1. Only one of these conditions is not met by residue 456: (1) farther than 21 Å from residue 19 by Cα; (2) within 14 Å of the ligand (Cβ to nearest atom); (3) hydrophobic (A, V, I, L, M, F, W, C). Which number is it?
2. Of all residues being more than 15 Å from the chain's Cα centre (by Cα) and buried (at least 24 other Cβ atoms within 10 Å of the Cβ) in the stretch 127-149, which is farthest from residue 173 (Cα to Cα)? Just the residue, please.
3. Output yes when any residue across the stretch 5-13 is farther than 30 Å from residue 324 by Cβ, without any contact (Cβ under 8 Å) to a residue 24 or more places away in the chain and surrounded by fewer than 15 Cβ atoms within 10 Å (Cβ to Cβ), and no when none is.
4. Which residue pairs have Cβ atoms closer than 7 Å, lie 6 or more positions apart in sequence or on different chains, and pair a first residue in the stretch 218-243 that is among the β-branched types (Val, Ile, Thr) with a second residue that is part of a loop (DSSP other than H, G, I, E, B) and crowded, with 20+ Cβ neighbours inside 10 Å?
5. Taking the stated definitions as given, is residue 69 in contact with an Asp or Glu (Cβ under 7 Å, 6 or more places away or on another chain) and either on the phi > 0 side of the Ramachandran plot or within 15 Å of the ligand (Cβ to nearest atom) (or both)?
6. Tell me which residues, restricted to the stretch 398-450, are within 15 Å of the ligand (Cβ to nearest atom) and β-branched (Val, Ile, Thr).
7. May I ask you to verify whether residue 408 is basic (Lys, Arg) and surrounded by fewer than 19 Cβ atoms within 10 Å (Cβ to Cβ)?
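The values are calculated or read from the model by the stated rules, or taken from the named source; none is laboratory data. What you are looking at is a predicted structure, and each value in this text was computed from that prediction instead of being measured. Quick reminder, even Gly has a Cβ in these numbers, built from the backbone with ideal geometry, and neighbours come from all protein chains shown.
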Amino acid sequence: MVIVFPEVEDRRSWGRAHRARHRLAWPTHPRAAADVLAARGDRSVLGFGLGRSYGDSCLNPGGLLIETRGLDRLLAFDAERGILHAEAGCTLADLLATVVGLPAPGGGVWCLPVSPGTRFVTLGGAIANDVHGKNHGHMGSFGRHVLSLRLLRSDRGLLDCGPEREGELFRATIGGLGLTGLILEATLRLERVPGLLLEVEDLRFDDLEGFYRLVEESAAWPYTVAWVDCLARGRGLGRGIFSRARYLEGGPARPMPPAEPRLSVPLAPPVSPLNRWTLAAFNALLWRRLGPAGRRVRTLPWHRFLYPLDAIEGWNRLYGPRGFHQHQCVVPPKTAPDTVRRLLETIAASGQGSFLAVLKTLGASAAPGLLSFPMEGTTLALDFPERGTATAALLDRLDRIVLEAGGRLYPAKDGRMSAEAFRAGFPNWRRFAALADPAFSSAFWQRVGPAADRRVLERAA
Ligand SMILES: Cc1cc2nc3c(=O)[nH]c(=O)nc-3n(C[C@H](O)[C@H](O)[C@H](O)COP(=O)(O)OP(=O)(O)OC[C@H]3O[C@@H](n4cnc5c(N)ncnc54)[C@H](O)[C@@H]3O)c2cc1C
C-alpha cells in the first residue's frame with residue numbers, strides 16, 4: 001500500500017504558543033497504524049490524541065504525527081468487574097457517554113477512577129502523561145488503574161505489556177510522553193462509586209496556613225482542589241477558595257454530560273481580554289462570591305464538578321493570537337508551604353497574575369511510571385499569557401524556585417523547561433531513554449532528551 005501523508009501548515013497544542021509543521025496520518029484500524037509506521041521513511045513519529053497538552057510534548061516539528069482519534073473502538077466491558085478494554089483514541093467523553101454510570105453488581109455504579117480537568121483527552125494521552133485528578137490522595141494517578149497495554153513499536157512490532165509482562169516497558173510507557181511507541185489499546189479498571197452526584201463544599205481561606213488546615217480536615221473527602229488569588233500580596237498572600245467533594249448515596253446513576261459545551265469562543269480575539277485589570281476584577285468577584293460566611297454547599301453531577309472548563313469550548317483562544325503558557329510544578333511536603341509562598345510572592349511582584357491558579361495536594365501513592373509527574377506534595381498550576389521576554393524571565397524564576405525545593409515541572413504543560421530542569425526533576429530519565437522507540441520523537445524530547453547532551457555539557461563547562 002502506498003501511503004501519502006498530507007502536510008499541514010501547523011498543528012498547535014492547547015496553549016497555542018507552540019505550533020509546528022507536520023505530516024499527518026489518520027489510521028482507523030490498528031493494521032493501518034502499522035502500515036503508517038512502516039511507510040514513515042526517515043521521518044520521526046509521534047502519537048497525537050486531542051492536543052490537550054499545553055506545550056510541545058505533543059508536537060514533532062518536521063516529523064509525522066499519527067492522529068489516534070480514528071482508533072476509538074470500545075472493545076469490551078466486563079460490567080461484573082468494571083474492566084474496560086478500548087482503543088487508545090477513545091476519549092474520556094466517549095467513556096462518560098457509554099460505560100460510566102452503568103450499575104455495578106452489589107450496588108453503586110462504575111466511574112472513571114481518575115480524570116484530569118477536562119473530559120476531552122484520549123486514553124492514549126491520559127496514559128502517556130499518567131494524568132492525575134482532584135482525587136490523587138485517594139486514587140493515585142491514571143496509570144495505577146491500567147492493567148495492560150498493546151503497543152506498536154517501530155523496532156519490535158506489536159507488544160502486549162503489563163506489570164508482569166514487559167514490565168519495564170509498561171512502566172516506561174505510563175507517563176512516557178508517547179516516546180515508547182504508539183499505544184493501540186488499553187485495559188483499565190474502573191472504580192465503583194455510590195452514584196454520580198457529589199456533595200460539594202466551597203470554603204474561603206485567608207492564607208496558605210488556611211489552605212493546609214483545610215487539606216488536613218478534608219482527608220475523608222475524595223476530591224479536593226483550591227483556587228488561589230495570585231494577585232494578593234502581604235497578609236492576603238495565598239488566599240483562595242477550597243473546594244471539596246464526596247459522593248452522595250443514591251441519586252441518578254447517569255447524569256449524562258451535556259452533549260455540547262454551553263459557551264464557545266470560536267475565534268481568538270486580536271487583543272486578549274485577559275489582562276491585570278480584568279484579572280483583578282475576576283479575582284475580587286470570586287473572592288466575594290461566597291458571601292460573608294465564606295462557605296457554600298452544593299449538590300453537583302460528578303462531571304460538572306470535575307470539568308468546569310469544559311463548559312466553554314475553546315476557552316484557550318481567550319488568550320489571543322500569541323497564546324499562553326501553563327506552568328505546573330509539584331514540590332515535596334517538607335518544602336511545599338515555603339515554596340508555594342515564594343512562587344506566589346514572585347508572581348505577585350512580577351505583576352503578571354494568572355487567571356487560573358490551581359493548588360492541589362498529591363498523595364503518597366507510588367507513581368507507576370518511570371517519568372510519572374505525580375509525587376507526594378503540593379502542585380500549583382498557573383496560566384500566563386505569552387508576552388515575550390518578560391514571561392520567559394518569570395517562568396525561569398519559577399523553575400529555579402521549584403528545583404531548589406526538590407520539585408519537578410509537568411511535561412504535559414511545558415514548552416520551554418531546560419534539559420537540566422527536566423533531568424533534575426526526573427532522575428529516572430536515562431533508564432527511560434534506553435526504552436524509548438528509536439523512531440519516536442517530539443519537540444520536548446529534542447530539547448531535554450539525549451539530543452540535548454552536548455548543549456548540557458557546554459552549559460556546564
Ligand atoms: C482544561 C485542561 C485541564 C487539564 N487538567 C489536567 C489535570 O487535572 N491533570 C493532568 O494530569 N492533566 C491535565 N491536563 C492535561 C491533559 O490531561 C494531558 O495533556 C493529556 O495527556 C492530554 O491528552 P490528549 O489525548 O489530548 O493527548 P495529546 O495532548 O494529544 O498528547 C499527549 C501526549 O500523549 C502522547 N500520546 C497521545 N496518544 C498516544 C498514543 N495512542 N500512544 C502513545 N502516545 C500517545 C502524545 O505523543 C503526547 O506525548 C489538562 C488539560 C486541559 C486542556
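1. With respect to (1) farther than 21 Å from residue 19 by Cα; (2) within 14 Å of the ligand (Cβ to nearest atom); (3) hydrophobic (A, V, I, L, M, F, W, C), residue 456 is out only on (2).
2. 146
3. no
4. Hits for this filter: 224/134; 224/218; 225/134; 228/238.
5. Taking the combined requirement at face value, the residue does not satisfy it.
6. 448
7. Considered against the rule, which asks whether it is basic (Lys, Arg) and surrounded by fewer than 19 Cβ atoms within 10 Å (Cβ to Cβ), residue 408 comes out as no.
One line per residue, one yes/no per condition, for (1) under 30 Å from residue 42 (Cβ atoms); (2) touching a helix residue (DSSP H, G or I) at 6+ places or on another chain (Cβ under 9 Å); (3) of a type in the set (Ser, Thr, Tyr):
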{"residue": "83", "(1), (2), (3)": "no, no, no"}
{"residue": "90", "(1), (2), (3)": "no, yes, no"}
{"residue": "100", "(1), (2), (3)": "no, yes, no"}
{"residue": "107", "(1), (2), (3)": "no, no, no"}
{"residue": "117", "(1), (2), (3)": "no, yes, no"}
{"residue": "128", "(1), (2), (3)": "yes, yes, no"}
{"residue": "132", "(1), (2), (3)": "no, yes, no"}
{"residue": "141", "(1), (2), (3)": "no, no, yes"}
{"residue": "144", "(1), (2), (3)": "no, no, no"}
